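What follows is a single structure, written as structure tokens, with notes after it.
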Amino acid sequence: MSIDDVAADGSEATDQFFVLNDDTLAIEPASEEEWRRWFARRDHSGAHHIDKTIVTSDVWVATVFVGYSHGGTPPSVFWTHVFGGPLNELLLTSSTFGKAKRLHWSIVQKCRIAIELGQVSEADCDDEIGNRPT
């Protein structure tokens, strides 16, 4: 089964679990037990932490692989979260490692602009690679 097959039939959304392949950085469907074991092995290594950027002493952006989705195609298993500043508590999601990295750096740049100009709103942060969780 590929990631494209998950919840593609339009049926009622169900919880979905995924792990991140250590070699290819692709997400792979998993059972809840496999997901729990994957995270248990990584809790101390931080392997599910994709990126963290300190924008200022009071503002930082973190992107993590959560490996969990409440349904939907593609699943939103990477979360990018802003802490502090004008975009405090902004949370956007993405479905692939590559999109998560691009979203992270896009949001870091938008945080810098928001701090300098004070003119960037949360709506300005929605783009083709980031989604708000439902």
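The values are calculated or read from the model by the stated rules, or taken from the named source; none is laboratory data. Predicted model, so just to flag it, every value in this text is computed and none were measured. Reconstructed Cβ throughout: ideal geometry from the backbone, glycine too, with neighbour counts over all protein chains shown.
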Selected residue (criterion: surrounded by the fewest Cβ atoms within 10 Å (Cβ to Cβ)) from residues of segment 1-29 that are at pLDDT below 90 and touching a Phe, Trp or Tyr at 6+ places or on another chain (Cβ under 8 Å): D15
Single match in V77, V55, V64 (criterion: within 19 Å of A114 (Cβ to Cβ) and modelled with pLDDT of 90 or more): V55
Filter result for V19 (touching a residue at least 24 places away in the same chain (Cβ under 8 Å) and within 27 Å of P86 (Cβ to Cβ)): no
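Residues checked against (1) free of Cβ contacts under 8 Å to residues at least 40 places away in the same chain; (2) of a type outside the set (V, I, T); (3) surrounded by fewer than 19 Cβ atoms within 10 Å (Cβ to Cβ); (4) in a strand (DSSP E or B):
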site	(1), (2), (3), (4)
W60	yes, yes, yes, yes
E89	yes, yes, yes, no
T93	no, no, no, yes
R112	no, yes, yes, no
Residues satisfying the stated conditions in segment 38-52, i.e. modelled with pLDDT under 85 and part of a helix (DSSP H, G or I): R41, R42
Filter result (in contact with a helix residue (DSSP H, G or I) (Cβ under 9 Å, 6 or more places away or on another chain), over 22 Å from K110 (Cα atoms) and of a type outside the set (A, V, I, L, M, F, W, C)) within segment 41-93: H48, G67, Y68, T73, P74, P75
